[in-house]
Amino acid sequence: MNEQATTAANADDALMVEMRGLNKWFGDFHVLREIYLEVERGERIVICGPSGSGKSTLIRCINHLEEFQKGDLSVGGLPMTQDVKRIEQIRRRVGMVFQHFNLFPHLTVLENCCLSPIWVQKKPRKEAEAQAMNYLERVQIAEQALKYPGQLSGGQQQRVAIARSLCMHPEVMLFDEPTSALDPEMIKEVLDVMVELAHEGMTMLCVTHEMGFAKTVADRVIFMDQGQIIEENAPEAFFNDPQSERTQLFLSQILGH
Amino acid sequence: MIHNREMLPSQPAPRRSIGPFAWLKANLFSGPVNTLVTLAGLYLLYWLLTPTIQWAFIEADWQGASPDDCTSAGACWVFVNARLDQFIYGLYPSEETWRINIVFALFTALIAWLAIPRLPYKRWIAIITLFVFPVIAYVLMHGGYFGLPRVSTQRWGGLTLTLVLAVVGMVAALPIGVILALGRRSTMPIIRSVCVIFIEFWRGAPLITILFMASVMLPLFMPTGVDIDRLIRALVGITLFQSAYMAEVVRGGLQAIPNGQDEAAAALGMSYWKRMGLIVLPQALKMMIPGIVNTFISLFKDTTLVMIIGLFDLLGIVQAALSDSRWLGFDVEGYVFTAFVFWIFCFSMSRYSQYLERRLHTGH
């Protein structure tokens, strides 16, 4: 799936995402504290934790939707800097799916998926459309291609958002609570697409409260609280034998009812 | 307990429409007070409209060439008729007015092409309208090229001048306003301050002052021999003034677009200008249509202020005609005609903007 020319000499050996001592403040509020995280190519990571624990902020640092003030971050061996060109270079490698879909409401589903391939990757329109239809097919929504996002259900919109992201051939996908804004009966259709993507070997970082999803596909589960990584482990160990007290409390709260 | 074993079939909604008489009774004559108010309203309408219609149409004089042809008690439209050429073309030499007519016809054709959704090649027509048409219009109207006699801007006037001021002002003020609005939202402090100062300066001064400064003060600062055309000075003044207003309209629209749109575009690797040009501005501009058209309409009417710097726009030329000793006492006709022409243009803009809003609605 990765057709892009790699810039770093040993990019394929490099870690997909690497954070070393990442710190971030919102004003005086210390949201991320000394984060160390290494994600291998092809790894699936689920990040969970109470609200306000900094998990969304953490993954939003990876494509520079949030700036961090201290520490180092690199994506596929490319260090993140303040340089706009570098930021855009990294963003082209990183796909993102948002809680509220953020589809472009003034464009059709197909145009949503073609826009960036045409304007950023300079693909011919025909090629971009064929590719978009291919991905829309895979998230099973090709028949809605000419509709506007406002005419689709939440689950359908989120599947389009995933297809839109895949059209850029990302090397890693970030999911920021992709099912939290959905009606209960639509959660499964989105999770199914994500599971399929995981089985195809996509590197994924998912902020989610879907513990079933974590158990099925995650290689590692990370628990965050108050801006720190408290605990990380393989899913079985994480759910069956949580080490820290805070993790135990959190799990009992979300699994207990 | 199960309420319904079978799905109930969907039924048509109860009809709400009633006959015209029932509607009248329900809405206008539902009680003694209501009936009284309705009758009073009808009488007021009658009292206001009858003399107006009688003056403007029934007892009006239409045909003729001199004030003597106005014999009846109503309006003397002979005055407007006799002066119509001057009202439209100002002091433009009458044997050259075909040049203005070509410009008008070309402009109408281009705008119509852009406004009618079915016609193809919109992008090319837009480029022609924005970049080629102004050159053609200038060459034709100003002359001095291709053997066309030169007609200096001093002689431009009437409706022609009003349209030149309004169209150039609108076309120039919108992009400048967009740039200023983006600048005001920039994270770069110098760019932001420059835009804020610019906007607040031009918005803080009345247009009449700006025009006056442009015409009286500016030449004082110019080295001798350098003389900028008076029309250009008025155009620059109007454009900068309106672009400051436009900037605030655009800023309002930009603020209404959720941050997630910009983030989603950024996450797809788009640069700042692509994010703005492809995602944020198209959505914002659609929301801003009422505000933009509002500014356009006020700009259109504000062009009458150029009278104070000695340019004769439609209102100016009508006023000049009113002081003609042969045609004294036809002020009402002159002003009613002027108001009607302005109203036609402003109302058309308003209607087109409403049509545009409906057409661009994509159900969100």
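When restricted to residues that are over 14 Å from the mean Cα position of the chain (by Cα), part of a helix (DSSP H, G or I) and either more than 7 Å from chain B (Cβ to nearest Cβ) or hydrophobic (A, V, I, L, M, F, W, C) (or both), segment A:91-118 contains 9. Here is the figure for segment B:1-40: residues that are in a helix (DSSP H, G or I) and among the aliphatic types (A, V, I, L, M) total 8. Those helices (runs of 4 or more DSSP H) of segment B:244-333 in which 2 or more residues are in contact with a helix residue (DSSP H, G or I) (Cβ under 6 Å, 6 or more places away or on another chain), away from every other protein chain (no Cβ under 14 Å) and buried (at least 21 other Cβ atoms within 10 Å of the Cβ) occupy B:281-302, B:314-322. Applying the set (1) farther than 21 Å from A:Met194 by Cβ; (2) touching a Leu at 6+ places or on another chain (Cβ under 6 Å) to A:Ile59 leaves exactly one unmet item: (1).
Here B:Phe198 fulfils each of the conditions (1) modelled with pLDDT of 90 or more; (2) assigned to a loop (DSSP other than H, G, I, E, B) apart from (2).
No other residue among A:Gly212, A:Gly150 is within 13 Å of chain B (Cβ to nearest Cβ) and farther than 20 Å from A:Met16 by Cα apart from A:Gly150. Restricting attention to segment B:74-99, the residues that are at pLDDT below 80 and either surrounded by fewer than 12 Cβ atoms within 10 Å (Cβ to Cβ) or acidic (Asp, Glu) (or both) add up to 0.
Within segment A:232-247, being over 17 Å from A:Arg44 (Cβ atoms) and either hydrophobic (A, V, I, L, M, F, W, C) or surrounded by 20 or more Cβ atoms within 10 Å (Cβ to Cβ) (or both) holds for A:Pro242, A:Thr247. Report, by residue number, each residue of segment A:62-90 that is part of a strand (DSSP E or B), under 20 Å from A:Val172 (Cβ atoms) and away from every other protein chain (no Cβ under 13 Å). A:Gly71, A:Asp72, A:Leu73, A:Ser74, A:Leu78, A:Pro79 - these are the residues of segment A:62-90 that are part of a strand (DSSP E or B), under 20 Å from A:Val172 (Cβ atoms) and away from every other protein chain (no Cβ under 13 Å).
So in segment B:61-82, with the set limited to residues that are assigned to a loop (DSSP other than H, G, I, E, B) and among the aromatic types (Phe, Trp, Tyr), which one is nearest to B:Val336 (Cα to Cα)? Only one residue tops the list, namely B:Trp77. Within segment A:49-79, being more than 18 Å from A:Ile90 (Cα to Cα), in contact with a helix residue (DSSP H, G or I) (Cβ under 7 Å, 6 or more places away or on another chain) and crowded, with 21+ Cβ neighbours inside 10 Å holds for one residue alone: A:Gly49. Suppose the filter is free of Cβ contacts under 8 Å to residues at least 40 places away in the same chain, more than 25 Å from A:Gly54 (Cβ to Cβ) and either assigned to a helix (DSSP H, G or I) or of a type outside the set (Ser, Thr, Tyr) (or both); does A:Glu231 pass it? For A:Glu231, the condition - free of Cβ contacts under 8 Å to residues at least 40 places away in the same chain, more than 25 Å from A:Gly54 (Cβ to Cβ) and either assigned to a helix (DSSP H, G or I) or of a type outside the set (Ser, Thr, Tyr) (or both) - is not met. Being closer than 15 Å to B:Leu231 by Cα and buried (at least 18 other Cβ atoms within 10 Å of the Cβ) is the requirement here; does B:Leu161 meet it? So B:Leu161 passes the test. Does at least one position in segment A:119-127 carry a residue that is closer than 17 Å to A:Leu166 by Cα, touching a residue at least 40 places away in the same chain (Cβ under 8 Å), within 14 Å of another protein chain (Cβ to nearest Cβ) and surrounded by 18 or more Cβ atoms within 10 Å (Cβ to Cβ)? Within segment A:119-127 (the criterion being closer than 17 Å to A:Leu166 by Cα, touching a residue at least 40 places away in the same chain (Cβ under 8 Å), within 14 Å of another protein chain (Cβ to nearest Cβ) and surrounded by 18 or more Cβ atoms within 10 Å (Cβ to Cβ)), the answer is yes, since at least one residue qualifies. Checked against (1) polar (S, T, N, Q); (2) without any contact (Cβ under 8 Å) to a residue 12 or more places away in the chain; (3) part of a helix (DSSP H, G or I), B:Ser215 passes all but a single condition, namely (2).
The set of residues in segment A:105-118 that are surrounded by fewer than 22 Cβ atoms within 10 Å (Cβ to Cβ) and among the hydrophobic types (A, V, I, L, M, F, W, C) comprises A:Leu107, A:Leu110, A:Ile118. Scanning segment B:88-144 for residues that are part of a loop (DSSP other than H, G, I, E, B), under 26 Å from B:Phe340 (Cα atoms) and either among the small types (Gly, Ala, Ser) or touching a Ser or Thr at 6+ places or on another chain (Cβ under 6 Å) (or both) yields a count of 1. One residue alone among A:Glu196, A:Glu210, A:Glu200, A:Glu185 is surrounded by fewer than 24 Cβ atoms within 10 Å (Cβ to Cβ), modelled with pLDDT under 95, over 24 Å from A:Glu40 (Cα atoms) and of a type in the set (D, E, K, R), and that residue is A:Glu185.
Of the residues examined, B:Leu161 is one that is of a type in the set (A, V, I, L, M), touching a strand residue (DSSP E or B) at 6+ places or on another chain (Cβ under 6 Å), touching a residue at least 60 places away in the same chain (Cβ under 8 Å) and closer than 25 Å to B:Cys346 by Cβ.
Residue under question is A:Gly27, and the condition is that it be of a type in the set (Gly, Ala, Ser), surrounded by fewer than 18 Cβ atoms within 10 Å (Cβ to Cβ) and either within 12 Å of chain B (Cβ to nearest Cβ) or touching an Asp or Glu at 6+ places or on another chain (Cβ under 9 Å) (or both); does it hold? No: the conditions fail for A:Gly27. Taking the numbered list (1) out of contact with any Gly (no Cβ under 6 Å at 6 or more places or on another chain); (2) at pLDDT below 90 in turn, A:Ala11 passes all entries but (1).
The values are calculated or read from the model by the stated rules, or taken from the named source; none is laboratory data. If you're wondering where the values come from, they're calculated on a predicted model, not measured in any experiment. Please note: Cβ atoms are built from the backbone with ideal geometry, for glycine as well, and neighbour counts cover all protein chains shown.
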